[in-house]
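Here's the structure, in structure tokens; my notes come after.
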Amino acid sequence: MPEIILMAPLIPFLISFLKNGWLNLKNSHKTILTAQSIIILDKMPKKIKVGIFSFTCDEGCSMTFLEILNKKFFEWKECLEFKHFRLLQSKSEIKGLDIAFVEGAVSTFEEVEKIKLIRENAKKLVLMGSCAINGCPSNLRNFFDEERAREIKPIVEKFGHREKVSAVSELVRADDSIPGCPMQEEKFIEVMEKYLKEFGVK
Ligand code: SF4
């Protein structure tokens, strides 16, 4: 019985050789190798493609993410592939993201286009911190009195800023949000763990 099991993978070779000779035997070998490769590839651990994006802010939530990585790096390193994270690497990709984590508020016209592009290219979009959720505190100039608003107007125009600063949530749909300034670490870990399971990498 064990011999039959050991011989089983050779049966297609023998049949092919008996029927069609050496050339087709080689082709059948290739087919079997391809099938084996597919099985091996399918068993390879997957990683989710993640981007960390900063809009107008002090990047305090990204720093918090780095601090979280101090604790979780070895647990998450097999699960995450960073496509964009300015504080970690110069490599930058927006296309084909599984999750985009976004911090900061949207103050320029360029940022409006960028957040729309990120939303189009990410299966999930998560807001990190109060700037992204409700604009504060990066939108403070929205609340300036008339005199102060007049004072800063030349600077606002010179640097291509919009009249009002918006929260990310006002411009695109978000799948999750992590409150706080900076964002709450425990909540971030909870959201990340949820997606690692949802994407089947943990
Ligand atoms: S929410 Fe706070 S810590 Fe996070 S980016 Fe805004 S100002 Fe910085």
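The values are calculated or read from the model by the stated rules, or taken from the named source; none is laboratory data. Just so it is clear, the model here is predicted, and its values are computed rather than measured. Note: ideal-geometry Cβ built from the backbone for every residue, glycine included; neighbour counts use all protein chains shown.
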(message) Take the conditions within 16 Å of the ligand (Cβ to nearest atom) and either surrounded by 13 or more Cβ atoms within 10 Å (Cβ to Cβ) or in contact (Cβ under 8 Å) with a residue 24 or more places away in the chain (or both) and apply them to Cys79. Does it pass?
(response) no
(request) Report, by residue number, each residue of segment 120-140 that is under 16 Å from Ser166 (Cα atoms) and touching a Leu at 6+ places or on another chain (Cβ under 8 Å). (result) Ile133
(request) Mind counting the residues in segment 66-104 that are more than 21 Å from Leu117 (Cβ to Cβ) and either in a strand (DSSP E or B) or not basic (Lys, Arg) (or both)? (result) 12
(message) Criterion first (surrounded by fewer than 16 Cβ atoms within 10 Å (Cβ to Cβ) and either within 15 Å of the chain's Cα centre (by Cα) or at pLDDT 95 or above (or both)) does Gly96 satisfy it?
(response) yes
(request) Scan Asn142, Asn121 and give me the residue that is within 16 Å of the ligand (Cβ to nearest atom) and without any contact (Cβ under 8 Å) to a residue 40 or more places away in the chain. (result) Asn142
(request) Please indicate, with yes or no, whether at least one residue in segment 57-75 is within 14 Å of Pro182 (Cα to Cα) and more than 13 Å from the ligand (Cβ to nearest atom). (result) yes
(request) Among residues belonging to segment 149-202 that are surrounded by 14 or more Cβ atoms within 10 Å (Cβ to Cβ), of a type in the set (A, V, I, L, M, F, W, C) and part of a loop (DSSP other than H, G, I, E, B), point out the one that is nearest to the ligand (Cβ to nearest atom). (result) Cys181
(request) Assess whether Met183 counts as being closer than 30 Å to Glu78 by Cβ, of a type outside the set (S, T, N, Q) and within 16 Å of the chain's Cα centre (by Cα). (result) no
